[in-house]
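Single-structure report; data block below.
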Amino acid sequence: MMKSGERLIFIGDSITDCGRNTDSEKIGDGYVRIIRDHLRLRQPEGIPDIINKGISGNRITDLADRWEKDVLALNPDYVSISIGINDVWRQLDNPNMNQVYPGEFEKIYQKLLSLVKVKTNAQIIIMEPTIIEENIESEGNRKLQPYIDIVRRLAVTFNGVLVPEHQCFIAVLKKHPEYKLTTDGVHMNSTGNLLMARTWLRANGLE
């Protein structure tokens, strides 16, 4: 069980960031806050120090640039990583920029996880990328699949906790294709944030 005195870092892109810099508690108003609030009620005796290190627009290459400062130097007990959406989305909305294709994505991600193993004692928590549009057959969701496969392999390789976000989002949309889980096909609405948080808590045995 996660407990008081431990440190839990969430790192990722805008889905994790969720306005943290304008929030007095610096955790934003997305899935990280829901997880924090759930833990407070579940464990009134104390919860880990929760740190949100999401930055809007980040890809795996951006995480690599700040991994030492925002993860390793903080010596976390848990590090939860949500990345991959922008690695695919940029291929759709900005095809002329330098892209991060699956091979590079896996190489960099593996290096970052190796550094966590070597330099900390942190439990690794790897979140699948969520969705790009509620249409499960969208180009974005098709392009996401190799990245999701990589995340699943890395969770096994590094003995990490896999949070099956994409699987859960797709399962909901198959049953209820009329549901909206995002505001724009990528960023979560309140339902999407709740689904992310519940999936994370369940994967970590904290529901």
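Across segment 114-134, the qualifying residues are those that are in a loop (DSSP other than H, G, I, E, B) and of a type in the set (A, V, I, L, M, F, W, C), and the one among them that is nearest to residue 148 (Cα to Cα) is 131. When residues of segment 135-148 are filtered for being open to solvent by 60 Å² or more (accessible area, probe 1.4 Å), free of Cβ contacts under 8 Å to residues at least 40 places away in the same chain and in a helix (DSSP H, G or I), how many remain? So the answer is 2. Considering only residues that are of a type in the set (Val, Ile, Thr), open to solvent by 10 Å² or more (accessible area, probe 1.4 Å) and in contact with a Leu (Cβ under 8 Å, 6 or more places away or on another chain), which ones fall in segment 4-62? Across segment 4-62, the qualifying residues are 34, 47, 50, 51. The residues of segment 68-96 that are within 17 Å of residue 140 (Cα to Cα), free of Cβ contacts under 8 Å to residues at least 60 places away in the same chain and either within 17 Å of the chain's Cα centre (by Cα) or surrounded by fewer than 16 Cβ atoms within 10 Å (Cβ to Cβ) (or both), listed by number, are 88, 92, 93, 94, 95, 96. Of all residues in segment 189-205, those being in contact with a Leu (Cβ under 7 Å, 6 or more places away or on another chain) and either in contact (Cβ under 8 Å) with a residue 40 or more places away in the chain or of a type in the set (Asp, Glu) (or both) number 2. With the structure loaded, tell me whether residue 65 is open to solvent by 60 Å² or more (accessible area, probe 1.4 Å) and either in a helix (DSSP H, G or I) or not aromatic (Phe, Trp, Tyr) (or both) or whether it fails that test. Yes: the conditions hold for residue 65. Are any residues in segment 154-175 open to solvent by less than 70 Å² (accessible area, probe 1.4 Å) and either over 24 Å from residue 109 (Cβ atoms) or not in a helix (DSSP H, G or I) (or both), and if so, which ones? Correct list: 158, 160, 161, 162, 163, 164, 171, 172, 173.
The values are calculated or read from the model by the stated rules, or taken from the named source; none is laboratory data. This is a predicted model, so every value here is computed, not measured. For neighbour counting, all protein chains shown are included, and Cβ atoms are generated from backbone atoms with ideal geometry for every residue, glycine included. Ligands, DNA and RNA are stripped out before the accessible areas are found, and what is left, the full protein with its side chains, is counted by its heavy atoms. Shrake-Rupley method; radii C 1.70, N 1.55, O 1.52, S 1.80 Å.
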